[in-house]
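Asks: Quick one: this structure, given as structure tokens, is what I'll be asking you about.
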Amino acid sequence: MRIVMIGSGYVGLVSGACFADFGHHVTCVDKSEAKIVALEAGEVPIFEPGLDAIIQQNRSAGRLDFSTNLDPSVGDADVVFIAVGTPSRRGDGHADLSYVYAAAREIAAAVQGFTVVVTKSTVPVGTGDEIERIFREEFPDKDIAVVSNPEFLREGAAITDFKRPDRIVIGTEDGRAIEVMREVYRPLYLNEAPLYFCERRTSELIKYAANAFLAMKITFINEIADLSEKIGADVQKVAKGIGMDKRIGDKFLHAGPGYGGSCFPKDTLALVKTAQDFDSPVRLIETTVAINDNRKRAMGRKVIAACDGDVRGKKIALLGLTFKPNTDDMRDAPSITIVQALLDGGASVHAYDPEGMDAAKAVLGAVTYGKDPYEIAANADAVVIVTEWEEFRALDFTRLKSLMKAPVMVDLRNIYSLSDVVKYGFEYFAVGRKSQKQ
Ligand code: UDX
């Protein structure tokens, strides 16, 4: 199969590289000349474990190339994926589809012969219909089927998620398109990954419903965490206890500082807006969004409370800044709000993140960065674990305590337990579990 991927951001690059790895011929297109030049020089602009190697191998094998121009590769393509950004529109929170429609028009102009055009970007219900209308009215001579095929990749685990998916959702009722999509995903079908075919609108909604449900699940356990703290229960044990019920499942029940990233905040908001437009509000998700927003600031207050209610003039050391580990992504990271709350309280904020510091510098205010946890902990009044990077899981507590001014640890990801930490003389504050002041 010849595949063209329009948009070489996170989704486009991972999907394009993995399709090439299946043996298809893939051209990844992006309007950014700088990005394409870098990719051609072997530089991968995002941090994703395993991606560099796949790109390199498939480039050497002649199956993967890059271009700023979708013509002529679209003319030869069997399938063209649209994987451009759909940011939240400023002002109203709706997904901004201008890049999607611009890409669709450019593709249609270049298409020759029957071609399947697939939306991989997360697009609101009805976007496929609108693209089809544009094709029908503006390009009546072109033979194009429009398909929805949402991605469910998690940053940091995207290659595994692509190659071992729980399911592949394909929204189309066009018989020719179904055959082409079967061929595109045949290597996964052989792995017994289920291909789930449904109508296009249903497929578009599946993506939003899946992300909204997961965001709601996290928010649920976060509220149970707050309750656990008040009534003296342990949220991790509650999560385990309810997760053993197969109807609930044990995934996405890890309490923390609130969800962030490029998908959950944007997609929950877009679903809320779409549902309001259809006069069918999704109140659970409206509430989820509001609770999660408040939670990030509340985490700032939690740190301040751990410092006896006052951080003015105190040094706070933050371990981790990205919205989760194994990514350099700072989009909607809880750290942004936590840092602001601490700065507002008069603290001096120092931080270390294994991969996210360059991205953090662009979005955070007056933060001082260090090269490892110990450098930033020197003379600190509290250490706060904000992101659960592997390298924070085996800290040298004796060394840490000897460096700090006050031995206070706030563990917003529950990577330690009280017994791990208090024996070294730390005051320990977790999420939804017992804390201990000395
Ligand atoms: C998510 C979806 O998982 C993926 O299917 C979709 O395509 C894109 O959005 P991603 O944003 O990369 O992926 O990360 P994910 O691992 O889902 O985590 C999202 C956020 O939820 C992070 O901030 C994470 O820290 C938080 N989270 C996740 C929790 O707080 N608790 C959990 O139990 C799980």
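Computed from the coordinates by the stated procedures, all read-outs in this text should not be read as laboratory data. Keep in mind it's a predicted model, so treat the numbers as computed, not measured. So basically every Cβ, Gly included, is an ideal-geometry build from the backbone, and we count neighbours across all protein chains shown.
Asks: What pairs from Lys314/Lys371; Lys302/Lys405; Lys230/Lys324; Lys405/Lys437 go past 22 Å between their alpha carbons? Before the final figure, lay out each step's value.
Replies: On the way: Lys314/Lys371 20 Å; Lys302/Lys405 19 Å; Lys230/Lys324 26 Å; Lys405/Lys437 15 Å.
Among Lys314/Lys371; Lys302/Lys405; Lys230/Lys324; Lys405/Lys437, the Cα-Cα distance tops 22 Å for Lys230/Lys324.
Asks: Could you give me the ³J(HN,Hα) list for region 21-31, computed from phi with Karplus coefficients 6.51, -1.76, 1.60 and θ = phi - 60°, whole Hz, x at Gly and Pro?
Replies: So the Karplus estimates, Gly and Pro as x, are 5, 6, x, 6, 9, 10, 10, 9, 10, 8, 6 Hz.
Asks: Between Glu223 and Arg133, how high is the FRET efficiency from 1/(1 + (r/R0)^6) when r is the Cβ-Cβ distance and R₀ = 41 Å? Nearest 0.05. Don't skip to the answer; put the middle values down first.
Replies: Numbers: r = 42 Å, r/R0 = 1.04.
The calculated FRET efficiency here is 0.45.
Asks: Something else about it: Please build a GNM for the chain, connecting alpha carbons under 10 Å apart, and tell me which residue among Ala239, Ala61, Ala394 fluctuates the most.
Replies: Checking each option, the largest mean-square fluctuation is seen for Ala394.
Asks: To continue, here is another question. Note the angle between two axes, namely the Cα long axis of helix 200-231 and the longest principal axis of the Cα atoms of the chain, as a number of degrees from 0 to 90, rounded to the nearest 10.
Replies: 10 degrees
Asks: Additional query: On a full-extension model of 0.36 nm per residue, what is the gain between Ser419 and Asp293, subtracting their alpha-carbon distance, rounded to one decimal in nm?
Replies: 42.2 nm
Asks: Which lysines does Lys31 reach when only Cα atoms under 21 Å apart count, and residues fewer than 8 places away in its own chain are ignored?
Replies: Lys120
Asks: Apply the Karplus curve 6.51 cos²θ - 1.76 cosθ + 1.60, θ = phi - 60°, to the phi angles in region 337-349 and return the couplings in whole Hz, x for Gly and Pro.
Replies: Running phi through 6.51 cos²θ - 1.76 cosθ + 1.60 with θ = phi - 60° gives 6, 5, 4, 4, 4, 6, 5, 4, x, x, 7, 9, 9 Hz.
Asks: Using a 10 angstrom cutoff on alpha carbons, build the Gaussian network for the chain and name the most mobile of Ala193, Ala104, Ala41.
Replies: Of Ala193, Ala104, Ala41, the most mobile in the Gaussian network model is Ala41.
Asks: Taking 0.36 nm per residue of sequence separation and subtracting the Cα-Cα distance, how much length would be gained by fully extending the chain between Thr68 and Thr368, in nm to one decimal?
Replies: Difference between extended and current length: 104.2 nm.
Asks: Under 12 Å from the 7 Å Cα→Cβ point of Lys437, by amide nitrogen: which residues of region 289-312?
Replies: 305-310
Asks: Relative to the longest principal axis of the C-alpha atoms of the chain, give the angle of the C-alpha long axis of helix 283-306, reported between 0 and 90° and rounded to the nearest 10°.
Replies: So the helix axis and the longest Cα principal axis differ by about 30 degrees.
Asks: For Ile385, which sequence-distant residues (separation of 5 or more, or a different chain) have an amide H within less than 5 Å of its own amide H, given hydrogens modelled in the peptide plane?
Replies: Here Leu319, Val410, Asp411, Leu412 satisfy the definition.
Asks: Something else now. Say the dipole of region 234-438 comes from +1 at the beta carbon of Lys and Arg and -1 at that of Asp and Glu; which of Val408, Thr322, Leu271 then lies farthest toward its positive end?
Replies: Farthest along the dipole direction, towards plus: Val408.
Asks: Rg/Rh for the chain: what does it come to with C-alpha atoms and Rh from Kirkwood?
Replies: Radius of gyration relative to Kirkwood radius: 1.01.
Asks: Along the Cα→Cβ direction, 7 angstrom out, place labels at Asp310 and Met1. What is the inter-label distance in nm?
Replies: Here the answer is 6.4 nm between the modelled labels.
Asks: Anything over 19 Å Cα to Cα? Flag those among Lys35/Lys163; Lys237/Lys423; Lys240/Lys434; Lys246/Lys266, in the order listed.
Replies: Over 19 Å apart, Cα to Cα: Lys35/Lys163; Lys237/Lys423; Lys246/Lys266.
Asks: Next question, about the same structure. Taking 60 Å as R0, compute the FRET efficiency from the Cβ-Cβ separation of Lys240 and Asp141 and round it to 0.05.
Replies: Approximately 0.50, to the nearest 0.05.
Asks: Checking a compactness column here: for region 1-102, what do you get for Rg(Cα) / (2.2 N^0.38 Å), N being the number of residues?
Replies: Output field value: 1.08.
Asks: Starting with the fewest neighbours, write out Arg59, Arg295 ranked by other beta-carbon atoms found within 10 Å of each beta-carbon.
Replies: Arg59, Arg295
Asks: Fully extended, how many nm does the chain gain between Asp344 and Glu390 (0.36 nm per residue separation, minus their Cα-Cα distance)? Provide the component values of the computation, followed by the final result.
Replies: Numbers: separation 46, 0.36 × 46 = 16.56 nm, distance 2.98 nm.
Using 0.36 nm per residue and subtracting the Cα-Cα distance, I get 13.6 nm.
Asks: If you don't mind, there's one more thing I want to ask. Please report, in debye to the nearest 20, how large the charge dipole of region 11-77 is about its Cα centre when each Lys and Arg carries +1 at its beta carbon and each Asp and Glu carries -1 there.
Replies: Taking the Cα centre of region 11-77 as origin, the dipole is about 80 debye.
Asks: Quick check on region 349-438: what are the equivalent-ellipsoid semi-axes from the Cα gyration tensor, as sqrt(5λ), descending, whole Å?
Replies: Three semi-axes, in Å: 22, 14, 12.
Asks: Counting Lys and Arg as +1 and Asp and Glu as -1, each charge on the Cβ, what is the dipole of the chain about the Cα centre in debye, to the nearest 20?
Replies: 1660 debye
Asks: Just the ratio, please: alpha-carbon radius of gyration of region 234-438 over 2.2 N^0.38 Å, N its number of residues.
Replies: 1.06
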